[in-house]
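Engineer: What follows is a structure written as structure tokens; I'll ask about it next.
Each reported figure results from applying straightforward, stated rules to the coordinates on display, with no laboratory input. Here the structure is a predicted model, which means the values were calculated and not measured. Here the Cβ is made from the backbone with ideal geometry for all residues, glycine too, and neighbour counts use every protein chain on show.
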Amino acid sequence: MWFLVVLTWFALLVQLMFIILSVASGLYYLAELVEEYSVVSAKVIKYMILTTLSIYLCLFLFEEFPNSLIITGLLSHCMYLILLRSFPYFNFTSVPFISSIVLLLVNHYFAFSYFSTVYYPFTQVLAFFTLCLWFIPFALFISLSANENVLPTVAESRPLLSEESDVVSHYFSRRAKKYGLLSLFNYAKDSLLPQRVKKSF
């Protein structure tokens, strides 16, 4: 009897490793797609935000959700729309970015408060959290790696100094520093996975 229990836990561990590997490879593929097609990605994220806004309006009309949950959801998705104006460049100290983070946390608080007091089946709660709370922030998180290939402009976050007045050379001098999601996945791929060495005959 104990052997089957140990075997079950081992199988669960193997399944969990496969799920983590599948999610990581999917994130890597999505990060490459967003980096390659940033204009199309911005349009897709904009339509996703508009769809989520319509879901909130339908929840307001057809369900009995509290107004605080609906209003914070609408405000947070409006902030996401404002963030798309500078896509794929994100300024982490800007008012829209900080406001969207704060509204996301407040929206989670209202959602947890509501669903802890009113019973809904788990699938409905998961559907609300997935489509109304996590879908757009996850898409914006994936698109952070697209900022690495943005062409240089003068309107970046800090002014150029006199010796950095040449925008293009300044841009290529900074290219060695990459901190995006795709760079993290590339580093993990290079350091964790074995590399094949081509034989020269």
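Engineer: Assign one of three labels to the range 83-147, namely rounded, prolate or oblate, based on the Cα gyration tensor with a ≥ b ≥ c the square roots of its eigenvalues; rounded applies when a/c is under 1.5, prolate when it is not and a/b is larger than b/c, and oblate otherwise.
Structural biologist: Oblate.
Engineer: Starting from the Cα of Thr93, step 7 Å along the direction of its Cβ; do the same at Leu81; then give the gap between the two resulting points in nm.
Structural biologist: 2.9
Engineer: Answer rounded, prolate or oblate for the range 1-125, using the Cα gyration tensor with square roots of eigenvalues a ≥ b ≥ c: rounded when a/c is under 1.5, else prolate when a/b is larger than b/c, else oblate.
Structural biologist: Verdict is oblate for the range 1-125.
Engineer: Let me know the charge dipole size of the range 1-104 about its Cα centre in debye, to the nearest 20, where only the beta-carbon of Lys, Arg (+1) and Asp, Glu (-1) is charged.
Structural biologist: 160
Engineer: Spelling out what I want: for every residue of the range 95-106, take phi, set θ = phi - 60°, compute 6.51 cos²θ - 1.76 cosθ + 1.60 (Karplus), and round to whole Hz; glycine and proline get x.
Structural biologist: 5, x, 5, 5, 5, 5, 5, 5, 5, 5, 5, 5
Engineer: Multiply the residue separation of Phe18 and Leu61 by 0.36 nm, subtract the distance between their alpha-carbon atoms, and state the gained length in nm to one decimal.
Structural biologist: Full-extension gain reported as 11.4 nm.
Engineer: Hey, another quick one. Per residue of the range 134-139, in order, report the coupling 6.51 cos²θ - 1.76 cosθ + 1.60 (Karplus, θ = phi - 60°) as ³J(HN,Hα) in whole Hz, putting x for Gly and Pro.
Structural biologist: Using θ = phi - 60°, the values come out as 9, 4, 6, x, 5, 5 Hz.
Engineer: Now for a separate question. I'd like the Karplus ³J(HN,Hα) series for the range 33-40: coefficients 6.51, -1.76, 1.60, θ = phi - 60°, whole numbers in Hz, and an x wherever there's a Gly or Pro.
Structural biologist: Karplus-based 3J(HN,Hα) across the range 33-40 equals 5, 5, 5, 6, 10, 6, 5, 5 Hz.
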